[in-house]
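Everything on this sheet refers to the single structure shown next.
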Amino acid sequence: MNHGDERRTKGRRLPSEVVYGANPVLELLQVRLREVERVLVAKERRAGVGPVLRLARAAGIPVSHLDRSVLARMVGRNAAHQGIAAVVSPVPYADAAELYARAEAESGLLVLLDGVTDPGNLGAVVRTAAAVGAVGLLVSGEGTVGLTPAVAKASAGALEHLPVAREASPPKKLLELRDRGFQAVALDGRAEQRWTEADLTGATILVAGGEGRGLRPGVHRACGTSVALPLGSGVESLNVSVALGVLLYEAVRQRQEAKPGLETS
């Protein structure tokens, strides 16, 4: 996040963010769910900037051509910015209650992450969840990374298509959702039930923990079902985004078999 650029919103000063990378910036300009304040292009960058510049000009968005070193300072010296960035309004979080209501009405899929700290993991989960047509993603209020520019980069533009909301009290909410007819399915390497044995055809929330510690005990206990993925000898665990990807596509498989002709949206 670049704290040098700020905008006023309802009397408050909110920091703008710098989203970087060719695909994320192109998605920003195509979808326009967030206000793009300025596009930044490295002077040394030539290939692949045409679509970005055309969309920016058509929308009346200013474009600044900067030395690559200046752009690197703005986005972070270790960031893979690919010579393109955009100053945008902070990512708005979706309303969690609306996501729950929509998933309930549509027998849809939700994902809840508890304690995921790696922006790359969160971005990868966002991309897979968007790809399978999930209703949205929830992140716990404790110890989970927020919607940073690094997350947007890792999602390769999918963050513009998948609503993400905060959930302050996952255990309480999971119990409430189960009372409303949801399946709450936890990923747990120690579970006896295989990932293909859980019923994922109705309103379902898939729950996964963060790197290292996994799910907090209270969150795990609030889930009605736990499933495990088989692992070969010498492999103790899978990356959370990989494991969730397997489970999300298992849900797609079950839903397509239950309703032939169903496609992801």
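Values for this structure:
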{"quantity": "Out of Ala184, Ala191, Ala198, sole residue that is over 19 Å from Ala105 (Cβ atoms), touching a Ser or Thr at 6+ places or on another chain (Cβ under 9 Å), modelled with pLDDT of 90 or more and not in a helix (DSSP H, G or I)", "calculated": "Ala198"}
{"quantity": "Selection status of Gly141, in contact with a Lys or Arg (Cβ under 7 Å, 6 or more places away or on another chain) and surrounded by fewer than 24 Cβ atoms within 10 Å (Cβ to Cβ)", "calculated": "yes"}
{"quantity": "Hits in region 124-157 (condition: touching a helix residue (DSSP H, G or I) at 6+ places or on another chain (Cβ under 6 Å), in contact (Cβ under 8 Å) with a residue 40 or more places away in the chain and over 23 Å from Leu177 (Cβ atoms))", "calculated": "Ala124, Thr148, Ala150, Ala152, Lys153, Ser155, Ala156, Gly157"}
{"quantity": "Selection status of Arg190, in contact with a strand residue (DSSP E or B) (Cβ under 9 Å, 6 or more places away or on another chain), surrounded by 15 or more Cβ atoms within 10 Å (Cβ to Cβ) and of a type outside the set (A, V, I, L, M, F, W, C)", "calculated": "no"}
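This table checks each residue for (1) part of a loop (DSSP other than H, G, I, E, B); (2) surrounded by 14 or more Cβ atoms within 10 Å (Cβ to Cβ); (3) in contact with a strand residue (DSSP E or B) (Cβ under 7 Å, 6 or more places away or on another chain); (4) not acidic (Asp, Glu).
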position: Ala79; (1), (2), (3), (4): yes, yes, yes, yes
position: Ala86; (1), (2), (3), (4): no, yes, yes, yes
position: Pro92; (1), (2), (3), (4): yes, no, no, yes
position: Ala101; (1), (2), (3), (4): no, no, no, yes
position: Glu104; (1), (2), (3), (4): no, yes, no, no
position: Val116; (1), (2), (3), (4): yes, yes, yes, yes
position: Gly123; (1), (2), (3), (4): no, yes, no, yes
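Residue by residue, here is whether (1) farther than 25 Å from Asn78 by Cβ; (2) of a type in the set (Phe, Trp, Tyr); (3) modelled with pLDDT under 75; (4) not assigned by TED's automatic domain parsing to the domain that holds His81 holds:
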| position | (1), (2), (3), (4) |
| --- | --- |
| Met1 | no, no, yes, yes |
| Lys10 | yes, no, yes, no |
| Leu14 | yes, no, yes, no |
| Asn23 | no, no, no, no |
| Gln30 | yes, no, no, no |
| Glu37 | no, no, no, no |
| Arg45 | no, no, yes, no |
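Listed here are the residues, each with its yes/no results for (1) buried (at least 18 other Cβ atoms within 10 Å of the Cβ); (2) out of contact with any Pro (no Cβ under 8 Å at 6 or more places or on another chain); (3) among the polar types (S, T, N, Q).
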site: Pro149; (1), (2), (3): yes, yes, no
site: Ala152; (1), (2), (3): yes, no, no
site: Gly157; (1), (2), (3): yes, no, no
site: Pro170; (1), (2), (3): yes, yes, no
site: Leu177; (1), (2), (3): yes, yes, no
site: Ala186; (1), (2), (3): yes, yes, no
site: Ala203; (1), (2), (3): yes, yes, no
site: Arg221; (1), (2), (3): no, no, no
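The values are calculated or read from the model by the stated rules, or taken from the named source; none is laboratory data. All of these numbers come straight from a predicted model, not from anything done at the bench. Note that we place each Cβ from the backbone using ideal geometry, even for glycine, and neighbour counts take in every protein chain shown.
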